[in-house]
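Everything below concerns the one structure shown next.
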Amino acid sequence: MEELVPPRKADITYETETPVRYETRGPVAWIVMDRPKYNNAQNSQMTYALDDAFQRAVNDDAVKVIVLAGEGKHFSAGHDIGTPGRDVAKSFERRLLWADHVNKPAAEMLYTREHEVYLGMCRRWREAPKPTIAAVQGACIAGGLMLAWVCDLIVASEDAFFQDPVVRMGIPGVEYFAHAFELPPRVAKEFLMLGERMSAERAHHFGMVNRIVSRDTLQAEVQAMAEKLAAQPRLGLWLTKQAVNHVEELRGKRAAMDAHFHMHHFAHAQSDLTLGNSLGGQDAKSMVAANKKEAGEG
Ligand code: ZN
């Protein structure tokens, strides 16, 4: 089954060498995903650039608050499943204590890779010792949810929407399975099983989003919120963040994610065995087409 072999390294064409911008505005570090041409689809190149940026912001004592944002029309279209820069088969210097995934056979390849670049990285960023704010506009889909959810606060523009459509691939939700913590369980089931878009307004209703602002004022509102946070004591903020995160752990968040991660990979493996494709026979094009149809756009 040829499809089991991941795309060769030589097939990767990056459209940019800097998929993430880093800038400071006063005491606030802005980490901006910068692949607007592909709606900020997250490849490994971007993942490691994000990790570099978080590390830089944490290392700089002058930075009190970290903002995660996306350039362009959309915050994030999710994991890169189809741009020329899709780099699943490329080795990177790992940040966590996992083996390289590239030479691993069959299901072990993705299982190893996603430990590092998805579940592992998300947990690492969630634990950054400074307050983090996601500034979300437009689409926040699948892997994009993971990036917003690891932040302490989420500010969304009125046009933002949230969606995890991966059940269409036969997969029970993205790797960082916070769905049933971000939303009441019955709503999480609806969100996943139907795979529909959730408006910023509905997400706000469930407490998944802290504030909704206009698209024009998103950056200014987030900067103002960040500056207000920056005036609070550094250690007090870190301890507060840890206290609330710990409550989530006591409610089983980490254990639930570990259990789900294995279901997620059972689904990838089943898909490989039956279709020779770990994404249920879907690709970026078919997912976009199905999403447009679902949203009544095509
Ligand atoms: Zn996966």
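FYI, it's all coordinate maths here, none of it is from the lab. Note that the structure is predicted; figures quoted are calculated from it, not measured. For neighbour counting, all protein chains shown are included, and Cβ atoms are generated from backbone atoms with ideal geometry for every residue, glycine included.
Looking for something more than 27 Å from Asp272 (Cα to Cα), in a loop (DSSP other than H, G, I, E, B) and not aromatic (Phe, Trp, Tyr) - is there at least one such residue anywhere in the stretch 44-60? Yes, the stretch 44-60 contains at least one residue that is more than 27 Å from Asp272 (Cα to Cα), in a loop (DSSP other than H, G, I, E, B) and not aromatic (Phe, Trp, Tyr). Just checking, does the stretch 166-186 include any residue being closer than 21 Å to Gln219 by Cβ and surrounded by fewer than 19 Cβ atoms within 10 Å (Cβ to Cβ)? Within the stretch 166-186, not a single residue is closer than 21 Å to Gln219 by Cβ and surrounded by fewer than 19 Cβ atoms within 10 Å (Cβ to Cβ). When the stretch 59-86 is limited to residues that are among the β-branched types (Val, Ile, Thr) and more than 15 Å from the ligand (Cβ to nearest atom), the one that is surrounded by the fewest Cβ atoms within 10 Å (Cβ to Cβ) turns out to be Val63. When the stretch 144-161 is filtered for residues that are surrounded by fewer than 24 Cβ atoms within 10 Å (Cβ to Cβ) and small (Gly, Ala, Ser), only Ser157 remains. Picking from residues in the stretch 237-275 that are acidic (Asp, Glu) and touching a residue at least 60 places away in the same chain (Cβ under 8 Å), the one that is surrounded by the fewest Cβ atoms within 10 Å (Cβ to Cβ) is Glu248.
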